[in-house]
1. Considering only DSSP states other than H, G, I, E and B, which chymotrypsin sites (Phe, Trp or Tyr not before Pro) in the stretch B:1-105 qualify as loop sites with at most 12 other Cβ atoms within 10 Å?
2. Normalised by the empirical 2.2 N^0.38 Å for globular proteins, what value does the Cα Rg of the protein assembly as shown take?
3. Taking springs between alpha-carbon atoms closer than 10 angstrom, which of A:88, A:43, A:21 fluctuates most in the Gaussian network model of chain A?
4. Can you check how the C-alpha radius of gyration of the stretch A:1-110 compares to 2.2 N^0.38 Å, as a plain ratio?
5. Would you mind computing, in nm to one decimal, how far apart the modelled labels at residue A:20 and residue B:95 are, each placed 7 Å from Cα along Cα→Cβ?
6. Answer with one residue from B:14, B:43, B:73: the one whose Cα lies farthest towards the positive end of the charge dipole of chain B, charges on Cβ with Lys, Arg +1 and Asp, Glu -1.
7. So the label point goes 7 Å from the Cα of residue A:13 along Cα→C-beta, right? Which residues of the stretch A:54-97 then have their backbone N under 15 Å from it?
8. Taking the Cα centre as origin and putting +1 on Lys and Arg beta-carbons and -1 on Asp and Glu beta-carbons, what dipole magnitude results for chain A, to the nearest 20 debye?
Amino acid sequence: KAGVTQTPRYLIKTRGQQVTLSCSPISGHRSVSWYQQTPGQGLQFLFEYFSETQRNKGNFPGRFSGRQFSNSRSEMNVSTLELGDSALYLCASSLVVGPQETQYFGPGTRLLVL
Amino acid sequence: KQEVTQIPAALSVPEGENLVLNCSFTDSAIYNLQWFRQDPGKGLTSLLLIQSSQREQTSGRLNASLDKSSGRSTLYIAASQPGDSATYLCAVSNFGNEKLTFGTGTRLTIIP
């Protein structure tokens, strides 16, 4: 069974631009969560989607948004990029909503904002 | 607000030794606790998940324990190998808050 895939793996953008990251969960998994990892703040929860509905949201500004499609694939969008948005963005999938079960993480998308 | 701490931030041990990584959390009303490893530039790999009703979980050379009342968990690695070198993260989930709160991790180096 294929693991969680994220595209693209690396991305370079400039301040003010917007970016869309994609995550395909493990087949059959309906929950997708997104996390941001930076050296200073560590891993922080962005949001979680289950059956196309946002179920939980972390403490990030409205520039960060996401959605989930009927096939469970998810995208997250960051508008008006800032230097501080440079980070590794990880998505995780699980069968059910919430972390009651093991979360399976993808390899991440490394975003660099110049 | 849940806070998760991992000490030490970095640890180096000779190959073959047994070692213990520590994780502490401030809010004991947790649903479960998970241990992950992260290799440089890579995503997270789940190692062990302990439900709040459990005291420990084992997988191969790894053993994780949970003491909810004291807000602590340990990850025991037996007979360490160079391939165990990675950053180890613990994460907890709380009732009513369906997200993982991560610790800052312990960077482990096994010296051949």
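The values are calculated or read from the model by the stated rules, or taken from the named source; none is laboratory data. Being a predicted model, the structure only gives us computed values, none of them experimental. Glycine gets a Cβ as well: all are built from the backbone with ideal geometry, and neighbour counts include every protein chain shown. The area values use the complete protein model at the heavy-atom level, side chains included, leaving out ligands, DNA and RNA. Shrake-Rupley method; radii C 1.70, N 1.55, O 1.52, S 1.80 Å.
1. Passing sites in the stretch B:1-105 are B:95.
2. Working: Rg = 17.4 Å, N = 226, 2.2 N^0.38 = 17.3 Å.
The reported ratio for this selection is 1.01.
3. A:43
4. Numbers: Rg = 13.0 Å, N = 110, 2.2 N^0.38 = 13.1 Å.
The stretch A:1-110 yields a ratio of 0.99.
5. According to this spin-label approximation, the distance is 4.1 nm.
6. B:43
7. The answer is A:61-67, A:75-90, whose backbone nitrogens lie closer than 15 Å to the label point.
8. Values: 11 positive and 6 negative charges, 33 e Å.
In total the dipole reaches around 160 debye.
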